[in-house]
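The values are calculated or read from the model by the stated rules, or taken from the named source; none is laboratory data. The structure presented is a predicted model; accordingly, all values stated were derived computationally and were not measured. Methodologically, a virtual Cβ is constructed for each residue, glycine included, from the backbone with ideal geometry; neighbour enumeration extends over all protein chains shown. Protein only, heavy atoms only, side chains kept; ligands, DNA and RNA dropped before computing areas. Shrake-Rupley method; radii C 1.70, N 1.55, O 1.52, S 1.80 Å.
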Amino acid sequence: MSPQQIELVRLSWQQVFPLRETAAQMFYERLFELDPSLRPLFKADLSQQAAKLFDTLNALVASLGENGALETVAGPLRRSHAGFAATPAHYEAVGAALMWTLQASVGKAFTTSTRAAWREAYAQLSSAMQVDRGAAAAAAAAR
Ligand code: HEM
């Protein structure tokens with residue numbers, strides 16, 4: 001990501017973070033609308049989950065542009081999410097719900113360039129979380 005893109009993500013995140021409780025509620029509502037099959041994977045009370053998700057996004061934003069920092073964020077999530085059987089389609093739904101939430105929280109300031117910068121940041125994290133997917137599929141095929 002370019003330094004300008006990192007700046008766009010940081011500035012918009014500063015607007016979202018103080019609204020994180022509402023934003024998190026919106027995020028999960030949107031996610032379960034996009035893919036209702038995901039709802040049973042989560043606990044009925046999403047407040048703790050929402051806090052963890054926003055802490056992760058906060059860490060992601062802080063790590064942008066820092067060498068090796070993405071892996072610190074993505075590594076533990078890669079391991080936990082392999083256990084949740086998250087598929088590429090699930091990651092797409094999460095990305096779409098995130099973009100929708102950011103747009104709704106940031107409003108007019110969520111410009112085309114800010115959206116593109118967030119897409120890139122999300123793509124980096126979600127790819128790093130799925131890095132073992134190809135290797136696991138190859139190993140299963142070889143068996
Ligand atoms: C980049 C995208 C994502 C981020 C940043 C993220 C983040 C997190 C975090 C921080 C947690 C709690 C800590 C942990 O268990 O590791 C969590 C739990 C979880 N995530 Fe994700 N996640 C993402 C994508 C997904 C996707 C695509 C699925 C679809 C299956 C998913 C399903 C779950 C489930 C089922 C839990 C456990 C819920 C519970 O214990 O009640 N996540 N996620």
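When the charge dipole of the chain is built from unit charges on Cβ atoms (+1 for Lys and Arg, -1 for Asp and Glu) and taken about the Cα centre, the candidate among 23, 46, 86 whose Cα reaches farthest toward its positive end is 86.
From the P(r) of segment 3-142, can you give the percent of Cα pairs sitting at distances over 20 Å? In whole percent, the long-distance tail amounts to 48. With protein chains left intact and a 1.4 Å probe, residues in the chain average 59 Å² of accessible area per residue.
Please give the charge dipole size of the chain, origin at the Cα centre, charges +1 on K and R Cβ atoms and -1 on D and E Cβ atoms. Round to the nearest 20 debye. Can you show the working numbers first?
Working: 13 positive and 12 negative charges, 31 e Å.
Here the size comes out at about 140 debye.
Which parts of segment 32-59 would a label at residue 92 reach, counting a residue when its backbone N lies under 19 Å from a point 7 Å out along Cα-to-Cβ? In segment 32-59, the label zone of residue 92 (backbone N under 19 Å from the point 7 Å along Cα→Cβ) covers 32-39. Build a GNM of the chain with springs between Cα atoms under 10 Å apart, and of 93, 69, 50 the one that fluctuates most is 69. Local charge for residue 98 was computed over the other residues whose Cβ lies under 12 Å away, with Lys and Arg +1 and Asp and Glu -1, and equals +2. The Rg/Rh ratio of segment 1-61, with Rg taken over Cα atoms and Rh as the Kirkwood radius over Cα pairs, comes to 1.05. Which FRET efficiency, nearest 0.05, do residue 14 and residue 47 yield, Cβ-Cβ r, R0 22 Å? Result of the calculation: an efficiency of 0.45.
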